[in-house]
Amino acid sequence: MEYAMRTAPFLPPLIYVVRNIGDSKMEELTQRVGLLEKTTHQIQQDVAVLTARSENFATKADIGTLRTELLGEMGQSEKRSDGKFEKMALHFDDKLGGMARHFDDKLGKMALHFDDKLEKLELRIDDKLDKMEQRIDLKFERMDEKFEKKFVRIDERFEKLNVKFEKLNDRLTWSIMVPAILAVLAWFVKDLLVKV
């Protein structure tokens, strides 16, 4: 798509209006031109101030020199800081090594102390367990003795009961069974004798 080119010079819309309208607009245009002259004068003053200030601006050569100086100082500063960091690293390594040795010593002492305490605790626990075991053994022995006595008494009672049952059995045998057997025999003999 092609656009038509504008051939007429570009004029602000006010000028178009001025051309077309006449004298009353001409006065307005004169006032506007006066304002433009004042504004232009102000712009000229500002440009003069900026020009005066620009004399103090740095040139490309000044910036290059400054850049070279800054790079040199930065390099020296970097070397100094590298040296300081190396010294700090060595000092820090020494400190850490000392702290590690100190910590290892303390841990070793704590481990020995802890081992001693554990051994003492183990001995105390063993002693207490031995004493408890002895007390428990004594209690079980006493309980065994008590049960033995009770079982002996129970056995004696059963023996007495067995003796009583035997006596009762003997009494029953002699008091009931023998007369009953004799009565049956007597009846049998009587029946036999009567039939013969």
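Might you check whether a residue that is within 51 Å of the chain's Cα centre (by Cα) and surrounded by 10 or more Cβ atoms within 10 Å (Cβ to Cβ) occurs anywhere in the stretch 140-157?
Narrowing the stretch 140-157 to residues within 51 Å of the chain's Cα centre (by Cα): 140.
Still in the running and surrounded by 10 or more Cβ atoms within 10 Å (Cβ to Cβ): 140.
Yes, the stretch 140-157 has at least one match.
Suppose the filter is free of Cβ contacts under 8 Å to residues at least 40 places away in the same chain, open to solvent by less than 90 Å² (accessible area, probe 1.4 Å) and not hydroxyl-bearing (Ser, Thr, Tyr); does LYS84 pass it? Outline the logic, then answer.
Working: free of Cβ contacts under 8 Å to residues at least 40 places away in the same chain: yes; open to solvent by less than 90 Å² (accessible area, probe 1.4 Å): no; not hydroxyl-bearing (Ser, Thr, Tyr): yes.
Considered against the rule, which asks whether it is free of Cβ contacts under 8 Å to residues at least 40 places away in the same chain, open to solvent by less than 90 Å² (accessible area, probe 1.4 Å) and not hydroxyl-bearing (Ser, Thr, Tyr), LYS84 comes out as no.
Do we have any residue at all in the stretch 106-116 that's at pLDDT 90 or above, under 42 Å from the mean Cα position of the chain (by Cα) and not small (Gly, Ala, Ser)? Talk me through it step by step, then tell me what you get.
So the first thing to find is which residues in the stretch 106-116 are at pLDDT 90 or above, and the list is none.
No, because not a single residue in the stretch 106-116 is at pLDDT 90 or above, under 42 Å from the mean Cα position of the chain (by Cα) and not small (Gly, Ala, Ser).
The values are calculated or read from the model by the stated rules, or taken from the named source; none is laboratory data. As the structure is a prediction and not an experimental result, all values here were calculated from the model. Glycine gets a Cβ as well: all are built from the backbone with ideal geometry, and neighbour counts include every protein chain shown. Ligands, DNA and RNA are stripped out before the accessible areas are found, and what is left, the full protein with its side chains, is counted by its heavy atoms. Shrake-Rupley method; radii C 1.70, N 1.55, O 1.52, S 1.80 Å.
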